[in-house]
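Each remark here refers to the structure printed beneath this line.
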Amino acid sequence: MAQFEIEIKLPLKNLKETLKFLTDQGFQETAQIQEEDTYFNSVYHDVKKRDEALRIRTSTDCRSGISKTQINFKGPKLDKISMSRMELETEVSDAEVLKNILIHLDFSPVASVMKMRKYMKCGRFTACLDQVEGLGDFLELEVIAEQESERKEILSKMEDLLAILGYHMSDTVQTSYLSMLQQKLNKNLL
């Protein structure tokens, strides 16, 4: 069943201060995970051109050392304010086999994004404090909704939380970590 990931993302001025603010608002840490995302594209189905994403994510729990892998497909962004999208994902038992299946279907790995992610929960809200290799620190706020019609109400609540944290919706970005890294690489090549 398709779900809708209602999400905003913003670069952080101070990771420790944001962690304290979130804790003060009732968020509790649920996990610290190292994530490696490998993105794919194809000349037959250009996910980048369609504003979609196809990735294999390998997540390793920093406490237990246990890893798991999933494949994710994200549809186009639903608005010009947030990172909200339809999302399909499922766990897979072998990342290398999945990677080879995609390659045999003419999908090619584009790039990888490495990050350390601290997950925090408060009600329906998940806050992810991300330390992204090559980019810095970010906050992602998300709610998984069953209906796309919930998006406006959820975004309004996210805007209220941002205000408490000292940010505004205008501080958010709609660019994926992959695109940010590619833009940075392109600037360095010039």
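The values are calculated or read from the model by the stated rules, or taken from the named source; none is laboratory data. Source: prediction; values computed, not measured. Glycine gets a Cβ as well: all are built from the backbone with ideal geometry, and neighbour counts include every protein chain shown. When the accessible area is computed, the model is the full protein with side chains, heavy atoms only, and any ligands, DNA or RNA have been set aside. Shrake-Rupley method; radii C 1.70, N 1.55, O 1.52, S 1.80 Å.
For the condition buried (at least 19 other Cβ atoms within 10 Å of the Cβ) and either in contact (Cβ under 8 Å) with a residue 60 or more places away in the chain or in contact with a Ser or Thr (Cβ under 9 Å, 6 or more places away or on another chain) (or both), Thr30 does not qualify.
When Lys121 is tested against the conditions (1) under 25 Å from Leu54 (Cβ atoms); (2) part of a strand (DSSP E or B); (3) not hydrophobic (A, V, I, L, M, F, W, C), the lone failure is (1). Beta carbons closer than 9 Å, at least 6 apart along the sequence or on distinct chains, pair a first residue in the range 4-15 that is among the aromatic types (Phe, Trp, Tyr) with a second that is open to solvent by 10 Å² or more (accessible area, probe 1.4 Å) and assigned to a loop (DSSP other than H, G, I, E, B) for Phe4/Leu78; Phe4/Glu146; Phe4/Gln147. If you check Ala111 against the conditions, is it part of a strand (DSSP E or B) and either hydrophobic (A, V, I, L, M, F, W, C) or within 17 Å of Lys16 (Cα to Cα) (or both)? The answer is yes for Ala111. Against the list (1) small (Gly, Ala, Ser); (2) over 21 Å from Glu5 (Cα atoms); (3) within 16 Å of the chain's Cα centre (by Cα), the condition Ser179 fails is (2). For first residues located in the range 100-122 and more than 23 Å from Thr60 (Cβ to Cβ), partners that are of a type in the set (S, T, N, Q) and lie 6+ apart or on another chain with Cβ distances below 8 Å form the pairs Leu105/Ser42; Asp106/Ser42; Phe107/Asn41; Phe107/Ser42; Ser108/Asn41; Ser108/Ser42; Cys122/Gln25; Cys122/Gln28. When the residues of the range 71-107 are filtered to those that are assigned to a loop (DSSP other than H, G, I, E, B) and open to solvent by less than 50 Å² (accessible area, probe 1.4 Å), the one that is farthest from Asp51 (Cα to Cα) is Phe107. Kindly check whether there is at least one residue in the range 152-171 that is under 17 Å from Thr18 (Cβ atoms), assigned to a strand (DSSP E or B) and aromatic (Phe, Trp, Tyr). The answer is no, given that none of the residues of the range 152-171 is under 17 Å from Thr18 (Cβ atoms), assigned to a strand (DSSP E or B) and aromatic (Phe, Trp, Tyr).
A quick yes/no check of all residues on (1) modelled with pLDDT under 95; (2) under 13 Å from the mean Cα position of the chain (by Cα); (3) over 20 Å from Ala31 (Cβ atoms):
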residue	(1), (2), (3)
Thr60	no, no, no
Leu78	yes, no, yes
Ser84	yes, yes, yes
Val92	no, no, no
Ile101	no, no, yes
Met116	no, yes, no
Leu129	no, yes, no
Phe138	no, yes, no
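Only one of the listed residues (Tyr167, Tyr177) is within 19 Å of Cys122 (Cβ to Cβ) and surrounded by 15 or more Cβ atoms within 10 Å (Cβ to Cβ). That residue is Tyr167.
Residue by residue, here is whether (1) under 29 Å from Tyr167 (Cα atoms); (2) in a loop (DSSP other than H, G, I, E, B) holds:
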| residue | (1), (2) |
| --- | --- |
| Thr18 | yes, no |
| Gly26 | yes, yes |
| Val43 | no, yes |
| Asp46 | no, yes |
| Asp51 | yes, yes |
| Leu54 | no, no |
| Gly65 | no, yes |
| Thr69 | no, no |
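The condition (being in contact (Cβ under 8 Å) with a residue 24 or more places away in the chain, acidic (Asp, Glu) and open to solvent by 40 Å² or more (accessible area, probe 1.4 Å)) is satisfied by just one residue among Glu153, Glu146, Glu159, Glu133: Glu146.
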